[in-house]
Each structure stands twice: as C-alpha cells, then as structure tokens.
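The values are calculated or read from the model by the stated rules, or taken from the named source; none is laboratory data. Treat the numbers as computed from the prediction; the structure is a model and nothing was measured. Cβ coordinates were reconstructed from backbone atoms using ideal geometry, including for glycine residues, and neighbour counts include every protein chain displayed.
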Amino acid sequence: MIDLYYAPTPNGHKITLFLEEAGMPYRLHPIDISAGDQFNPAFLAISPNNKIPAIVDHQPVDGGLPVSVFESGAILLYLAEKSGKLLSQELRERSATLQWLFWQVGGFGPMLGQNHHFTHYAPQPVPYAIERYQNETRRLYGVLNTQLEKKPWLAGDHYSIADIATFPWVVSHERQRIDLAQFPAVRNWFERINLRPATIKAYKLAEK
C-alpha cells in the first residue's frame, strides 16, 4: 500500500495520474498547504523540503521497512520501477523517458511556476520578471511541440512517466498566457491525455 501526501497542484496531480494509470492501491492524505500542514514535524519526517507530494511505500520490493520518497520526479521513477509500468526497459526509450522527465522537473515546471507567480501572485508587478518567464514559457512550449511533432508521446511510441510529469503543468496553459493553437502538436497530445480514464479519475480527486 502506498500512502500519498497530496495537494491538488500540478506536482500533486503527477502522482495520482501515475497511481491511477498503474492501478496501484493507495491512501490519499490531503495536505492543506494554505494552512501550513507542510510544516508539521510528522510530514517533515517524510518530506524534509516541506513540499508535496511525498509517499510512503509500506510494501517495498525488498520486503524491508517502509520507504518514504519526496520530490515528484523521484516518486514517479520509484513507482515506475516498483510496478514495472510506464517506464520502458528498452535502453533507448528508457533513456529518452528519463531525459524528458528531468527536463520537466528541472525546467518546464520551475519556469512555468515562476510565470504563475510573477503574472498572478507577486504583490507588485515586476515587468522584467513577467516578460522573462513568459518568454521562457513560450520557448519551452516550443521545445515540447517540436518533440511531439516527431513522436506520439514524449519518449517515443509509449505513454510514460515523462508525459505524466509534464501534462499537469500544461493544464494551466491559459493562466500561463499560452494559446495551444500556436502549439498544435502539444494540443493534440494534451487532448489525448485529457481523455484517458485514469486522467479523468485522478482529477476528480481534486474536486473532493
């Protein structure tokens, strides 16, 4: 059984998307980040960076004590290796999957997060920052579009943890001031993921 410590953010959605796709049993533990739940000592013991998501695996493959994992990319990789799903064992596709996973956690997510902050939440407008992060957001969508013009999924012919990591950040494209009509391959990919039963189920959790 997997305990998932979760809030309905892009990074939180990554893990529910994976668990629903893989059909893995899990318990959801909501973390109210607006109330400061992420600073609770019990949560910090699992996620020392005081961020969601985090998991505890009570049945690790070695049969030993429970394993806790924080950071969304690390969680996706851990769960994919545990389940044998959504991460190819073929050398080249596996390598491509990990490259695009790390592209998301190292660039796409952080830059879009800065776009959200300076466009919508900064107490005072900072024109330089708004322009910088909106330009970088458009550049990254261009990178994504170019890849998806060549392949149906980010790493090749199969849906993977790279797609799962990236999709939740594209959900907020309008708030990022991105028009998906300008990125048709991304729009096609986004629409296909949006219709997957596991995606529908994962996002319904956010409504509860």
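Under the condition of being surrounded by 18 or more Cβ atoms within 10 Å (Cβ to Cβ) and among the small types (Gly, Ala, Ser), the residues counted in segment 54-75 number 3. Residue under question is ALA96, and the condition is that it be in a helix (DSSP H, G or I) and under 22 Å from TYR203 (Cα atoms); does it hold? In short, no.
Of the set (1) in contact (Cβ under 8 Å) with a residue 60 or more places away in the chain; (2) of a type outside the set (Phe, Trp, Tyr); (3) farther than 19 Å from LYS14 by Cα, all apply to SER160 but (3).
Out of all the residues in segment 154-176, is one or more in a helix (DSSP H, G or I) and surrounded by fewer than 21 Cβ atoms within 10 Å (Cβ to Cβ)?
no
SER88: more than 25 Å from PRO184 (Cβ to Cβ), small (Gly, Ala, Ser) and assigned to a loop (DSSP other than H, G, I, E, B), yes or no?
In short, yes.
Is it true that ASP3 is in a loop (DSSP other than H, G, I, E, B) and among the charged types (D, E, K, R)? Criteria not met by ASP3.
In segment 8-54, how many are acidic (Asp, Glu) and at pLDDT below 95?
Residues meeting the conditions: 2.
Number of residues in segment 41-53 that are surrounded by 14 or more Cβ atoms within 10 Å (Cβ to Cβ) and over 18 Å from ILE2 (Cα atoms): the value is 1. Of all positions in segment 4-17, none carries a residue that is free of Cβ contacts under 8 Å to residues at least 40 places away in the same chain and not charged (D, E, K, R).
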